[in-house]
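Following: one structure in structure tokens, then a few remarks.
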Amino acid sequence: MATTTYLQKDRKDVTAQLDDLRNLKDGWLDGDGLAPGHEGLDWLDAMLSNEYPNHLPLPRIYPTFEGGVQLEWSIGPNDASLEINLSDRSGYWHNLNLRTGKDEERLLNLEDGGEWNWLNSELQRLTGSAE
């Protein structure tokens, strides 16, 4: 039962982060910056709920200047991010291993479940989890 409570708490954290972004207005960044659209944030919330496994670390979520969002993970020596264009449902994955300097990037179609599977596998690889 403790695990379920923990997962529900984490899930609420993602929803809370997205709710904070719903409160942004255009000009949120010193008079510039587009606010992410509510429809796109609703889509992302549903995708994270349906496609993102509970056993993976949850991202921190930030707005981008262009009206999208960026998901970020700090996993060991890895600084990973996924910049999401909410309009066309695409993502730009970037991971930098700060220890080795190895740099990885990939464009993703986030309406494709196979792309979410790839993302989840990458995060699983970075965390070393076998679930």
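The values are calculated or read from the model by the stated rules, or taken from the named source; none is laboratory data. This one's a predicted model, so the numbers in the text were calculated from it and none came from an experiment. Because the Cβ atoms are built from the backbone with ideal geometry, glycine has one as well, and the counts that use them run over all protein chains shown. Note: areas computed on protein heavy atoms with side chains; ligands, DNA, RNA excluded. Shrake-Rupley method; radii C 1.70, N 1.55, O 1.52, S 1.80 Å.
Using +1 on the beta carbon of Lys and Arg, -1 on that of Asp and Glu, and nothing else charged, what's the dipole of the range 47-93 about the Cα centre, debye to 20? Don't skip to the answer; put the middle values down first.
Details: 2 positive and 6 negative charges, 26 e Å.
Taking the Cα centre of the range 47-93 as origin, the dipole is about 120 debye.
Could you put T100, T127, T64 in order of accessible surface area, largest first, with the 1.4 Å probe and the full protein assembly present?
Sorted descending by solvent-accessible area, the residues read T100, T127, T64.
Restricting to DSSP H runs of at least four residues, report the calculated mean residue ellipticity at 222 nm for the chain, -39500 (n - 2.57) per run over all residues, nearest 500 deg cm²/dmol. Spell out each step's value before the answer.
Working: 3 runs with 50 residues, N = 131.
Value at 222 nm, helices only, nearest 500: -13000 deg cm²/dmol.
Translational diffusion coefficient of the chain at 10 °C, 1.306 mPa s, Stokes-Einstein with Kirkwood Rh over Cα pairs, in µm²/s as a whole number.
This corresponds to a translational diffusion coefficient of 103 µm²/s.
Cut-off 10 angstrom, C-alpha nodes, Gaussian network model of the chain. Which of E83, E72, E104 fluctuates the most?
Answer for the Gaussian network model of the chain: E104.
How large is the charge dipole for the chain, taken about the Cα centre, if only the Cβ atoms of Lys, Arg (+1) and Asp, Glu (-1) carry charge, to the nearest 20 debye?
It comes to approximately 520 debye.
Working out 0.36 nm times the residue gap between L96 and E72, then minus their Cα-Cα distance, what length gain in nm do you get to one decimal?
7.5 nm
What does the C-alpha gyration tensor say about the overall shape of the range 12-63? Classify as rounded when a/c is under 1.5, otherwise prolate if a/b is larger than b/c, or oblate.
Prolate shape, in that a/c is at least 1.5 and a/b is the bigger ratio.
Under a 10 Å cutoff between Cα atoms, tell me which one of N120, N50, N109 has the largest fluctuation in the Gaussian network model of the chain.
N50
Would you tell me the accessible area of K102, worked out with a 1.4 angstrom probe on the heavy atoms of the protein chains, in Å² to the nearest 10?
For K102, solvent-accessible area is about 120 Å².
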